Amino acid sequence: MGGVDIICTDPPFNSGRDYNTFLSESQSQRTAFVDTWTWDDAVQEARREVASLARESDTYAALNDALYGYDYVLQKATSGPPSATRAYLAFMGPRLVECHRVLHPTGSMYLHCDSTASHYLKGLMDAIFGSANFKNEIIWKRYRGKRSGAKTKFPAVTDTLLFYVKSKDAEFALPFTPLDPDYVKRVYRHDDGDGKGPYRFGGRIRDRKYYLANSRGVPTTNLWDDVPELNGTNPERLGYPTQKPRALYERIIAASSKPGDIVLDPFCGCGTTIDAAETLNRQWIGIDITLLALDPMQKRLRERHGLEPSVDYEIAGYPTNMQEVTLLVRDQKKYHDFANWAVTRAGLEPTANVGDGGFDGSGTVKIWNPRSQKSRNTRVIAEVKSGKPNVSMLRAFCHTIRETKAQVGIFITLEPVSGGMKAMQEDMGTFQHNGVSYPRLQFWQIDEGYFANPESLNETIRLPWRIESRHKSERHFKDEQTELMLKG
(Lines give C-alpha, C1' and ligand atoms only; values in the text may rest on other atoms or scores of the structure.)
Protein backbone atom coordinates (compact mmCIF):
# COMPACT_ATOMS: atom_id res chain seq x y z
CA MET A 1 0.00 0.00 0.00
CA GLY A 2 1.40 3.40 -1.04
CA GLY A 3 1.90 6.19 1.44
CA VAL A 4 1.80 9.26 -0.79
CA ASP A 5 -1.50 11.13 -0.71
CA ILE A 6 -1.10 13.29 -3.81
CA ILE A 7 1.34 13.46 -6.70
CA CYS A 8 1.47 16.65 -8.73
CA THR A 9 4.29 17.01 -11.18
CA ASP A 10 5.52 18.92 -14.20
CA PRO A 11 7.74 16.46 -16.14
CA PRO A 12 9.47 17.03 -19.50
CA PHE A 13 6.93 17.63 -22.29
CA ASN A 14 8.79 16.04 -25.24
CA SER A 15 9.30 19.58 -26.49
CA GLY A 16 12.49 18.79 -28.41
CA ARG A 17 14.33 21.55 -26.52
CA ASP A 18 17.22 21.86 -24.10
CA TYR A 19 16.14 24.09 -21.23
CA ASN A 20 18.72 26.50 -19.87
CA THR A 21 18.90 28.56 -16.73
CA PHE A 22 20.01 32.13 -17.43
CA LEU A 23 22.75 33.76 -15.42
CA SER A 24 21.94 37.23 -14.16
CA GLU A 25 25.03 39.21 -15.04
CA SER A 26 25.88 37.96 -18.51
CA GLN A 27 22.85 36.07 -19.82
CA SER A 28 25.12 33.07 -20.39
CA GLN A 29 23.37 29.79 -19.81
CA ARG A 30 23.73 26.43 -18.12
CA THR A 31 21.67 23.49 -19.33
CA ALA A 32 19.15 22.69 -16.61
CA PHE A 33 17.63 19.67 -18.32
CA VAL A 34 17.30 18.14 -21.77
CA ASP A 35 13.87 17.50 -23.29
CA THR A 36 15.03 15.83 -26.49
CA TRP A 37 14.56 12.10 -27.02
CA THR A 38 16.26 9.51 -29.23
CA TRP A 39 15.41 5.90 -29.99
CA ASP A 40 18.69 4.35 -28.87
CA ASP A 41 20.07 1.31 -27.03
CA ALA A 42 19.11 2.71 -23.62
CA VAL A 43 15.48 3.16 -24.70
CA GLN A 44 15.32 -0.34 -26.16
CA GLU A 45 16.72 -1.76 -22.93
CA ALA A 46 14.04 0.15 -21.00
CA ARG A 47 11.36 -1.38 -23.20
CA ARG A 48 12.78 -4.86 -22.61
CA GLU A 49 12.70 -4.23 -18.87
CA VAL A 50 9.04 -3.18 -19.05
CA ALA A 51 8.25 -6.37 -20.99
CA SER A 52 10.04 -8.42 -18.33
CA LEU A 53 8.23 -6.72 -15.44
CA ALA A 54 4.93 -7.22 -17.28
CA ARG A 55 5.18 -10.94 -16.48
CA GLU A 56 5.07 -10.16 -12.76
CA SER A 57 2.91 -7.04 -12.50
CA ASP A 58 -0.57 -6.33 -13.89
CA THR A 59 0.22 -2.60 -13.96
CA TYR A 60 3.39 -3.12 -15.98
CA ALA A 61 1.47 -5.50 -18.22
CA ALA A 62 -1.05 -2.75 -18.92
CA LEU A 63 1.78 -0.31 -19.63
CA ASN A 64 3.50 -2.80 -21.92
CA ASP A 65 0.29 -3.28 -23.93
CA ALA A 66 -0.14 0.50 -24.24
CA LEU A 67 3.44 1.03 -25.41
CA TYR A 68 3.08 -1.85 -27.85
CA GLY A 69 -0.04 -0.22 -29.27
CA TYR A 70 1.73 3.12 -29.63
CA ASP A 71 4.50 1.34 -31.56
CA TYR A 72 1.95 0.75 -34.30
CA VAL A 73 0.42 4.22 -34.03
CA LEU A 74 3.92 5.67 -34.49
CA GLN A 75 4.78 3.14 -37.22
CA LYS A 76 7.63 1.64 -35.15
CA ALA A 77 9.74 4.62 -36.17
CA THR A 78 13.41 4.63 -35.15
CA SER A 79 14.20 8.11 -36.48
CA GLY A 80 12.49 11.45 -36.76
CA PRO A 81 9.75 12.94 -34.53
CA PRO A 82 7.73 9.69 -34.18
CA SER A 83 10.78 7.88 -32.79
CA ALA A 84 11.35 10.73 -30.31
CA THR A 85 7.78 10.25 -29.09
CA ARG A 86 8.33 6.48 -28.71
CA ALA A 87 11.51 7.16 -26.70
CA TYR A 88 9.73 9.75 -24.55
CA LEU A 89 6.88 7.36 -23.76
CA ALA A 90 9.38 4.61 -22.90
CA PHE A 91 10.88 7.05 -20.39
CA MET A 92 7.61 8.27 -18.90
CA GLY A 93 5.75 4.94 -18.76
CA PRO A 94 7.70 3.18 -15.97
CA ARG A 95 7.78 6.38 -13.93
CA LEU A 96 4.02 6.70 -14.12
CA VAL A 97 3.70 3.06 -12.99
CA GLU A 98 5.92 3.77 -9.99
CA CYS A 99 3.86 6.87 -9.18
CA HIS A 100 0.77 4.67 -9.15
CA ARG A 101 2.55 2.16 -6.92
CA VAL A 102 3.52 4.64 -4.19
CA LEU A 103 0.16 6.41 -4.21
CA HIS A 104 -2.22 5.75 -1.31
CA PRO A 105 -5.54 4.06 -2.28
CA THR A 106 -7.31 7.36 -1.58
CA GLY A 107 -4.66 9.38 -3.42
CA SER A 108 -4.72 11.49 -6.57
CA MET A 109 -2.28 12.39 -9.33
CA TYR A 110 -2.07 15.54 -11.46
CA LEU A 111 0.18 15.24 -14.51
CA HIS A 112 1.17 18.55 -16.10
CA CYS A 113 1.78 18.40 -19.86
CA ASP A 114 0.91 20.17 -23.10
CA SER A 115 -0.54 19.29 -26.49
CA THR A 116 2.77 17.84 -27.69
CA ALA A 117 2.17 14.56 -25.86
CA SER A 118 -0.93 14.99 -23.65
CA HIS A 119 -3.00 12.57 -25.75
CA TYR A 120 -0.28 9.90 -25.58
CA LEU A 121 0.15 10.41 -21.84
CA LYS A 122 -3.58 10.12 -21.29
CA GLY A 123 -3.48 6.73 -22.99
CA LEU A 124 -0.70 5.60 -20.64
CA MET A 125 -2.54 6.97 -17.61
CA ASP A 126 -5.76 5.23 -18.68
CA ALA A 127 -3.84 1.96 -18.91
CA ILE A 128 -2.06 2.39 -15.56
CA PHE A 129 -4.79 3.99 -13.42
CA GLY A 130 -7.82 2.66 -15.30
CA SER A 131 -9.97 4.86 -17.51
CA ALA A 132 -12.71 4.86 -14.84
CA ASN A 133 -10.33 6.72 -12.52
CA PHE A 134 -9.84 9.61 -14.93
CA LYS A 135 -11.44 12.73 -13.45
CA ASN A 136 -10.55 15.79 -15.52
CA GLU A 137 -8.53 17.23 -18.29
CA ILE A 138 -7.81 20.65 -16.79
CA ILE A 139 -6.90 23.39 -19.22
CA TRP A 140 -4.63 26.10 -17.84
CA LYS A 141 -4.57 29.29 -19.88
CA ARG A 142 -1.06 30.37 -19.07
CA TYR A 143 -0.66 33.32 -21.42
CA ARG A 144 -2.84 36.42 -21.22
CA GLY A 145 -1.49 38.74 -23.92
CA LYS A 146 -1.22 38.42 -27.66
CA ARG A 147 0.89 35.55 -28.95
CA SER A 148 2.73 35.90 -32.22
CA GLY A 149 5.23 33.90 -34.21
CA ALA A 150 2.95 31.05 -35.35
CA LYS A 151 2.52 31.27 -39.12
CA THR A 152 0.88 27.95 -39.95
CA LYS A 153 -1.23 27.27 -36.85
CA PHE A 154 -3.09 28.99 -34.02
CA PRO A 155 -0.73 30.26 -31.28
CA ALA A 156 -0.71 27.97 -28.23
CA VAL A 157 -1.65 29.62 -24.92
CA THR A 158 -2.62 26.63 -22.77
CA ASP A 159 -1.18 23.67 -20.85
CA THR A 160 -3.00 20.52 -19.75
CA LEU A 161 -3.24 18.85 -16.35
CA LEU A 162 -4.49 15.26 -16.34
CA PHE A 163 -6.28 14.52 -13.06
CA TYR A 164 -6.55 10.85 -11.99
CA VAL A 165 -7.47 9.14 -8.73
CA LYS A 166 -6.46 5.70 -7.52
CA SER A 167 -9.96 4.81 -6.31
CA LYS A 168 -13.44 6.24 -5.86
CA ASP A 169 -12.54 7.07 -2.24
CA ALA A 170 -10.00 9.70 -3.23
CA GLU A 171 -9.83 12.93 -1.25
CA PHE A 172 -11.37 15.94 -3.03
CA ALA A 173 -12.76 19.31 -1.95
CA LEU A 174 -13.94 21.54 -4.79
CA PRO A 175 -12.12 24.87 -4.64
CA PHE A 176 -13.89 28.17 -5.22
CA THR A 177 -12.65 31.33 -6.88
CA PRO A 178 -13.71 34.90 -6.02
CA LEU A 179 -16.76 36.37 -7.70
CA ASP A 180 -16.18 38.65 -10.65
CA PRO A 181 -16.20 42.30 -9.42
CA ASP A 182 -18.55 43.38 -12.23
CA TYR A 183 -20.97 40.59 -11.29
CA VAL A 184 -20.85 41.65 -7.64
CA LYS A 185 -21.56 45.26 -8.55
CA ARG A 186 -24.44 44.26 -10.81
CA VAL A 187 -26.13 41.62 -8.61
CA TYR A 188 -25.36 42.48 -4.98
CA ARG A 189 -27.19 45.79 -5.23
CA HIS A 190 -28.95 45.84 -1.87
CA ASP A 191 -27.68 46.94 1.52
CA ASP A 192 -29.92 47.53 4.57
CA GLY A 193 -27.25 49.45 6.41
CA ASP A 194 -27.34 46.93 9.28
CA GLY A 195 -23.66 46.05 9.01
CA LYS A 196 -24.28 42.77 7.20
CA GLY A 197 -23.12 44.25 3.91
CA PRO A 198 -24.53 43.96 0.39
CA TYR A 199 -26.85 41.13 -0.62
CA ARG A 200 -28.92 39.78 -3.48
CA PHE A 201 -32.35 38.18 -3.61
CA GLY A 202 -32.90 34.56 -4.62
CA GLY A 203 -34.89 31.43 -3.91
CA ARG A 204 -38.12 30.10 -5.42
CA ILE A 205 -40.15 33.19 -4.69
CA ARG A 206 -37.02 35.36 -4.88
CA ASP A 207 -37.44 36.79 -1.39
CA ARG A 208 -34.44 35.20 0.27
CA LYS A 209 -31.41 37.33 1.01
CA TYR A 210 -27.95 36.05 0.03
CA TYR A 211 -25.21 38.14 1.60
CA LEU A 212 -21.95 38.70 -0.24
CA ALA A 213 -20.01 38.07 2.98
CA ASN A 214 -21.36 34.49 3.05
CA SER A 215 -20.58 33.72 -0.56
CA ARG A 216 -17.99 31.01 -1.20
CA GLY A 217 -17.36 32.39 -4.66
CA VAL A 218 -17.65 30.43 -7.89
CA PRO A 219 -16.95 26.68 -8.14
CA THR A 220 -13.71 26.20 -10.05
CA THR A 221 -14.25 24.55 -13.43
CA ASN A 222 -11.70 22.65 -15.51
CA LEU A 223 -10.78 25.86 -17.36
CA TRP A 224 -8.24 27.74 -15.27
CA ASP A 225 -7.77 31.18 -16.76
CA ASP A 226 -7.21 33.10 -13.52
CA VAL A 227 -3.62 32.01 -12.77
CA PRO A 228 -1.25 33.96 -15.02
CA GLU A 229 2.11 32.71 -16.20
CA LEU A 230 5.17 34.09 -14.36
CA ASN A 231 6.52 36.95 -16.44
CA GLY A 232 10.01 38.40 -16.19
CA THR A 233 9.05 40.99 -13.57
CA ASN A 234 7.15 38.65 -11.25
CA PRO A 235 8.91 38.60 -7.84
CA GLU A 236 8.20 34.86 -7.57
CA ARG A 237 10.36 34.11 -10.58
CA LEU A 238 13.70 32.38 -9.79
CA GLY A 239 15.20 32.23 -13.28
CA TYR A 240 14.68 28.47 -13.55
CA PRO A 241 13.30 27.28 -16.91
CA THR A 242 9.69 26.02 -17.02
CA GLN A 243 8.94 27.42 -13.53
CA LYS A 244 5.20 27.44 -12.86
CA PRO A 245 3.27 29.77 -10.54
CA ARG A 246 2.87 28.60 -6.98
CA ALA A 247 -0.84 29.45 -7.00
CA LEU A 248 -1.42 26.75 -9.63
CA TYR A 249 -0.03 24.02 -7.39
CA GLU A 250 -1.59 25.42 -4.24
CA ARG A 251 -4.97 24.98 -5.90
CA ILE A 252 -4.20 21.37 -6.82
CA ILE A 253 -2.86 20.45 -3.38
CA ALA A 254 -5.71 22.17 -1.53
CA ALA A 255 -8.30 20.35 -3.64
CA SER A 256 -6.94 16.82 -3.29
CA SER A 257 -5.27 16.60 0.12
CA LYS A 258 -5.57 17.59 3.77
CA PRO A 259 -3.09 19.30 6.09
CA GLY A 260 -0.46 16.77 7.15
CA ASP A 261 -0.82 14.67 3.98
CA ILE A 262 2.25 13.71 1.93
CA VAL A 263 2.81 15.46 -1.41
CA LEU A 264 5.23 14.00 -3.97
CA ASP A 265 6.72 15.70 -7.01
CA PRO A 266 9.07 13.32 -8.89
CA PHE A 267 10.12 16.10 -11.32
CA CYS A 268 10.30 18.94 -8.83
CA GLY A 269 12.64 21.33 -10.66
CA CYS A 270 13.06 24.54 -8.68
CA GLY A 271 10.59 23.40 -6.02
CA THR A 272 7.26 25.07 -6.79
CA THR A 273 5.32 22.01 -5.61
CA ILE A 274 7.21 21.66 -2.34
CA ASP A 275 6.90 25.40 -1.71
CA ALA A 276 3.13 25.14 -2.23
CA ALA A 277 2.96 22.02 -0.04
CA GLU A 278 4.84 23.71 2.81
CA THR A 279 2.61 26.77 2.47
CA LEU A 280 -0.46 24.56 2.94
CA ASN A 281 1.01 22.62 5.88
CA ARG A 282 1.56 19.37 4.00
CA GLN A 283 4.52 17.02 4.21
CA TRP A 284 6.45 16.73 0.97
CA ILE A 285 8.99 14.77 -1.05
CA GLY A 286 10.74 16.30 -4.07
CA ILE A 287 12.89 14.46 -6.62
CA ASP A 288 14.96 15.89 -9.46
CA ILE A 289 17.81 14.64 -11.61
CA THR A 290 19.95 17.80 -11.62
CA LEU A 291 21.83 19.46 -8.78
CA LEU A 292 21.04 22.83 -10.38
CA ALA A 293 17.53 22.45 -8.98
CA LEU A 294 18.70 22.19 -5.38
CA ASP A 295 19.89 25.76 -4.89
CA PRO A 296 16.64 27.50 -5.90
CA MET A 297 14.73 24.93 -3.82
CA GLN A 298 16.84 25.57 -0.73
CA LYS A 299 16.69 29.31 -1.33
CA ARG A 300 12.91 29.52 -1.44
CA LEU A 301 12.46 27.13 1.51
CA ARG A 302 14.85 29.24 3.58
CA GLU A 303 13.48 32.64 2.58
CA ARG A 304 9.77 31.85 2.50
CA HIS A 305 9.53 29.30 5.29
CA GLY A 306 12.69 29.63 7.37
CA LEU A 307 13.65 25.99 6.73
CA GLU A 308 17.26 24.80 6.72
CA PRO A 309 18.61 21.59 5.13
CA SER A 310 19.75 18.85 7.51
CA VAL A 311 17.80 20.63 10.25
CA ASP A 312 14.24 20.84 8.98
CA TYR A 313 14.50 18.48 6.01
CA GLU A 314 16.99 16.03 4.51
CA ILE A 315 18.66 16.05 1.10
CA ALA A 316 19.64 12.72 -0.47
CA GLY A 317 22.23 12.65 -3.26
CA TYR A 318 23.77 16.04 -2.39
CA PRO A 319 27.42 15.98 -1.27
CA THR A 320 27.65 16.15 2.51
CA ASN A 321 31.23 14.86 2.89
CA MET A 322 34.37 14.26 0.85
CA GLN A 323 33.46 10.64 0.16
CA GLU A 324 30.27 11.74 -1.60
CA VAL A 325 32.19 14.42 -3.51
CA THR A 326 34.63 11.76 -4.73
CA LEU A 327 31.76 9.53 -5.93
CA LEU A 328 30.23 12.47 -7.78
CA VAL A 329 33.52 13.31 -9.48
CA ARG A 330 34.16 9.70 -10.54
CA ASP A 331 30.83 9.52 -12.35
CA GLN A 332 31.61 11.05 -15.74
CA LYS A 333 27.94 11.68 -16.38
CA LYS A 334 27.76 13.82 -13.25
CA TYR A 335 31.01 15.77 -13.47
CA HIS A 336 29.17 18.92 -14.48
CA ASP A 337 26.98 18.45 -11.42
CA PHE A 338 30.14 18.54 -9.30
CA ALA A 339 31.36 21.74 -10.98
CA ASN A 340 27.91 23.30 -10.59
CA TRP A 341 27.83 22.38 -6.92
CA ALA A 342 31.32 23.73 -6.25
CA VAL A 343 30.81 27.16 -7.80
CA THR A 344 27.44 27.64 -6.14
CA ARG A 345 29.09 26.98 -2.75
CA ALA A 346 31.23 30.03 -3.49
CA GLY A 347 28.12 32.12 -4.15
CA LEU A 348 28.48 32.08 -7.94
CA GLU A 349 26.25 30.79 -10.71
CA PRO A 350 27.31 28.03 -13.14
CA THR A 351 28.32 29.00 -16.65
CA ALA A 352 27.49 27.12 -19.83
CA ASN A 353 28.26 23.41 -20.15
CA VAL A 354 30.28 24.02 -23.30
CA GLY A 355 32.05 27.03 -24.70
CA ASP A 356 32.29 28.57 -21.25
CA GLY A 357 35.52 30.41 -22.04
CA GLY A 358 37.65 28.57 -19.48
CA PHE A 359 35.68 29.01 -16.28
CA ASP A 360 32.83 27.21 -14.53
CA GLY A 361 31.19 29.90 -12.42
CA SER A 362 30.51 33.60 -12.62
CA GLY A 363 28.95 36.34 -10.54
CA THR A 364 28.62 40.09 -10.22
CA VAL A 365 29.53 42.27 -7.26
CA LYS A 366 29.21 46.01 -6.67
CA ILE A 367 32.25 48.04 -5.65
CA TRP A 368 32.00 51.61 -4.44
CA ASN A 369 34.16 53.99 -6.47
CA PRO A 370 35.13 56.95 -4.25
CA ARG A 371 36.15 59.06 -7.26
CA SER A 372 32.85 58.83 -9.11
CA GLN A 373 30.85 58.44 -5.91
CA LYS A 374 29.03 55.57 -7.59
CA SER A 375 29.06 51.79 -7.29
CA ARG A 376 30.01 49.74 -10.32
CA ASN A 377 29.45 46.13 -11.27
CA THR A 378 32.55 43.94 -11.11
CA ARG A 379 32.94 40.37 -12.24
CA VAL A 380 34.06 37.32 -10.25
CA ILE A 381 34.79 34.00 -12.00
CA ALA A 382 35.74 30.51 -10.81
CA GLU A 383 37.33 27.43 -12.35
CA VAL A 384 36.91 23.91 -10.92
CA LYS A 385 39.51 21.14 -11.24
CA SER A 386 38.86 17.65 -9.89
CA GLY A 387 42.23 16.12 -10.76
CA LYS A 388 45.72 17.15 -9.73
CA PRO A 389 46.10 20.84 -10.58
CA ASN A 390 49.21 22.08 -12.38
CA VAL A 391 50.82 25.35 -13.39
CA SER A 392 49.58 25.22 -17.00
CA MET A 393 45.96 24.91 -15.81
CA LEU A 394 46.37 27.89 -13.52
CA ARG A 395 48.19 29.92 -16.18
CA ALA A 396 45.25 29.39 -18.54
CA PHE A 397 42.83 30.47 -15.82
CA CYS A 398 44.87 33.61 -15.10
CA HIS A 399 44.70 34.43 -18.81
CA THR A 400 40.92 34.05 -18.62
CA ILE A 401 40.76 36.39 -15.62
CA ARG A 402 42.56 39.06 -17.63
CA GLU A 403 40.56 38.44 -20.81
CA THR A 404 37.23 38.70 -19.02
CA LYS A 405 38.44 41.68 -16.94
CA ALA A 406 37.31 39.88 -13.80
CA GLN A 407 38.20 41.51 -10.51
CA VAL A 408 38.62 38.14 -8.79
CA GLY A 409 39.31 34.61 -9.99
CA ILE A 410 38.72 31.66 -7.65
CA PHE A 411 40.58 28.43 -8.49
CA ILE A 412 38.70 25.52 -6.87
CA THR A 413 40.43 22.14 -6.43
CA LEU A 414 40.19 18.84 -4.58
CA GLU A 415 43.96 18.52 -4.21
CA PRO A 416 46.40 21.13 -2.88
CA VAL A 417 48.07 23.60 -5.23
CA SER A 418 51.87 23.68 -5.51
CA GLY A 419 54.23 26.35 -4.27
CA GLY A 420 54.79 27.49 -7.84
CA MET A 421 51.07 27.97 -8.30
CA LYS A 422 50.82 29.96 -5.08
CA ALA A 423 53.59 32.23 -6.39
CA MET A 424 51.36 33.08 -9.35
CA GLN A 425 48.90 34.59 -6.89
CA GLU A 426 51.39 37.37 -6.20
CA ASP A 427 51.96 37.88 -9.93
CA MET A 428 48.24 38.49 -10.44
CA GLY A 429 48.34 41.36 -7.97
CA THR A 430 45.65 42.73 -5.70
CA PHE A 431 42.70 45.10 -5.77
CA GLN A 432 41.75 47.73 -3.24
CA HIS A 433 38.44 48.17 -1.46
CA ASN A 434 37.95 50.66 1.36
CA GLY A 435 41.70 50.83 1.91
CA VAL A 436 42.16 47.05 2.20
CA SER A 437 44.06 44.91 -0.34
CA TYR A 438 42.61 41.61 -1.56
CA PRO A 439 44.28 39.01 -3.84
CA ARG A 440 42.97 39.01 -7.37
CA LEU A 441 43.66 35.26 -7.63
CA GLN A 442 42.38 33.09 -4.79
CA PHE A 443 42.37 29.35 -4.04
CA TRP A 444 39.86 27.03 -2.42
CA GLN A 445 40.73 23.38 -1.79
CA ILE A 446 37.53 21.51 -0.91
CA ASP A 447 38.12 19.32 2.15
CA GLU A 448 36.36 17.84 5.16
CA GLY A 449 36.88 21.09 7.06
CA TYR A 450 34.40 22.77 4.75
CA PHE A 451 31.70 20.18 5.47
CA ALA A 452 32.32 20.45 9.20
CA ASN A 453 31.99 24.24 9.02
CA PRO A 454 30.77 25.71 5.71
CA GLU A 455 31.26 29.21 7.12
CA SER A 456 35.01 28.57 7.02
CA LEU A 457 34.84 29.33 3.30
CA ASN A 458 34.51 33.02 4.18
CA GLU A 459 37.98 32.81 5.70
CA THR A 460 39.48 30.81 2.83
CA ILE A 461 38.15 33.11 0.11
CA ARG A 462 38.83 36.70 1.12
CA LEU A 463 36.21 38.98 -0.37
CA PRO A 464 35.04 42.36 0.96
CA TRP A 465 31.49 41.77 -0.16
CA ARG A 466 28.76 39.20 -0.55
CA ILE A 467 28.09 37.97 -4.06
CA GLU A 468 24.88 39.50 -5.37
CA SER A 469 22.06 36.96 -5.13
CA ARG A 470 18.78 36.84 -6.97
CA HIS A 471 15.85 38.69 -5.44
CA LYS A 472 14.61 37.29 -2.19
CA SER A 473 11.42 35.27 -2.10
CA GLU A 474 8.55 36.87 -0.22
CA ARG A 475 8.29 35.43 3.29
CA HIS A 476 5.34 33.13 3.91
CA PHE A 477 3.52 33.30 7.22
CA LYS A 478 1.54 30.37 8.53
CA ASP A 479 -2.14 30.27 7.53
CA GLU A 480 -1.50 32.81 4.78
CA GLN A 481 -2.64 31.50 1.40
CA THR A 482 -3.07 32.88 -2.07
CA GLU A 483 -6.59 34.27 -2.47
CA LEU A 484 -7.18 31.96 -5.42
CA MET A 485 -6.96 28.98 -3.10
CA LEU A 486 -9.71 29.91 -0.67
CA LYS A 487 -12.25 27.14 -0.33
CA GLY A 488 -15.88 27.52 0.60
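Placing 327, 53 in order of accessible area, with the largest value first and a 1.4 Å probe, yields 327, 53. If you compute volume of the Cα convex hull per residue in Å³ for the structure shown, which of [x] 146; [y] 162; [z] 226 do you land on? Matching the structure shown: [z]. Diffusion of the range 66-213 by Stokes-Einstein, at 37 °C in a medium of 0.692 mPa s and with Rh set to the Kirkwood radius over alpha-carbon pairs, works out to 167 µm²/s.
Pairs of Cα atoms under 8 Å, at least six residues apart: use those to get the relative contact order of the chain, whole percent. List each step's numbers first, then the result.
Working: 867 pairs, mean separation 69.1, N = 488.
It comes to 14 percent, rounded to a whole number.
Among beta bridges from DSSP that stay inside the chain, the antiparallel ones total about 60%. All distinct Cα pairs of the range 143-187 go into the 1/r average, and the inverse of that average, the Kirkwood radius, is 15.6 Å. Distance between the 7 Å Cα→Cβ label points at residue 185 and residue 451: 6.3 nm. Model label sites at residue 167 and residue 391, defined 7 Å from Cα along the beta-carbon direction, differ in position by 7.3 nm. Nonpolar atom fraction for the range 69-186, defined as the carbon and sulfur part of the 1.4 Å probe accessible area, stands at 53 percent.
Over the range 183-313, what is the mean sequence separation of C-alpha contacts under 8 Å (at least six apart), divided by residue count, expressed as relative contact order in percent? Present the calculation step by step, with values, prior to reporting the outcome.
Details: 148 pairs, mean separation 18.0, N = 131.
Relative contact order comes out at 14 percent.
For the range 193-232, how big is Rg over Rh, using alpha carbon atoms and the Kirkwood form of Rh?
Across the range 193-232, the Cα-based Rg/Rh ratio is 1.22.
Of 135/258; 185/209; 76/244; 141/209, which sit over 26 Å apart, Cα to Cα?
Values: 135/258 19 Å; 185/209 16 Å; 76/244 34 Å; 141/209 35 Å.
Cα-Cα > 26 Å for 76/244; 141/209; rest within.
Net charge dipole, the range 272-411: roughly 840 debye, given to the nearest 20, about the Cα centre with Cβ charges of +1 for Lys and Arg and -1 for Asp and Glu.
So what is log10(I(q)/I(0)) for the range 359-420 at q = 0.18, 0.28, 0.30 1/Å, when the Debye sum runs over its Cα atoms only? Log10 I(q)/I(0), no solvent term: -0.68, -1.16, -1.25. Here the extension length gained between residue 258 and residue 55 equals 69.4 nm, from 0.36 nm per residue of separation less the Cα-Cα distance. If I model the range 220-303 as equal point scatterers sitting on the Cα atoms and use the Debye formula, what is log10 I(q)/I(0) at q = 0.11, 0.13 Å⁻¹? Rounded to two decimals, the profile gives -0.29, -0.41. Compared with the dominant Cα axis of the chain, that is its longest principal axis, helix 41-53 is turned about 50°. Between 0 and 90 degrees, the angle of helix 58-73 with respect to the longest Cα principal axis of the chain falls at about 80 degrees. For the chain, adding -39500 (n - 2.57) for each run of n ≥ 4 DSSP H residues and dividing by the number of residues yields -9500 deg cm²/dmol at 222 nm. For residue 324, the accessible surface of its heavy atoms amounts to roughly 70 Å² (probe 1.4 Å, protein chains only, rounded to the nearest 10).
Residues 326, 273, 221, ordered by accessible area of protein heavy atoms at a 1.4 angstrom probe radius and largest first, appear as 221, 326, 273.
Separation of the range 34-90 and the range 358-422, taken as the distance between their Cα centroids, equals 47 angstrom. Relative to the longest principal Cα axis of the chain, at what angle does helix 391-404 sit, 0 to 90 degrees, rounded to 10? Approximately 60 degrees, to the nearest 10.
Which whole-number value in Å² is the accessible area per residue of the range 88-235, probe 1.4 Å? Walk me through the numbers on the way to the answer.
Working: 8630 Å² over 148 residues.
For the range 88-235, the per-residue accessible area is 58 Å².
Which one, 434, 199, 343, projects farthest toward the positive side of the charge dipole computed for the chain from Cβ point charges (K/R +1, D/E -1)? Towards the positive end, the residue furthest out is 199.
The values are calculated or read from the model by the stated rules, or taken from the named source; none is laboratory data. What you see is a predicted model; the values in this text were computed from it and never measured. Glycine gets a Cβ as well: all are built from the backbone with ideal geometry, and neighbour counts include every protein chain shown. These area figures cover heavy atoms from the full protein model, side chains too; ligands, DNA and RNA do not enter into them. Shrake-Rupley method; radii C 1.70, N 1.55, O 1.52, S 1.80 Å.
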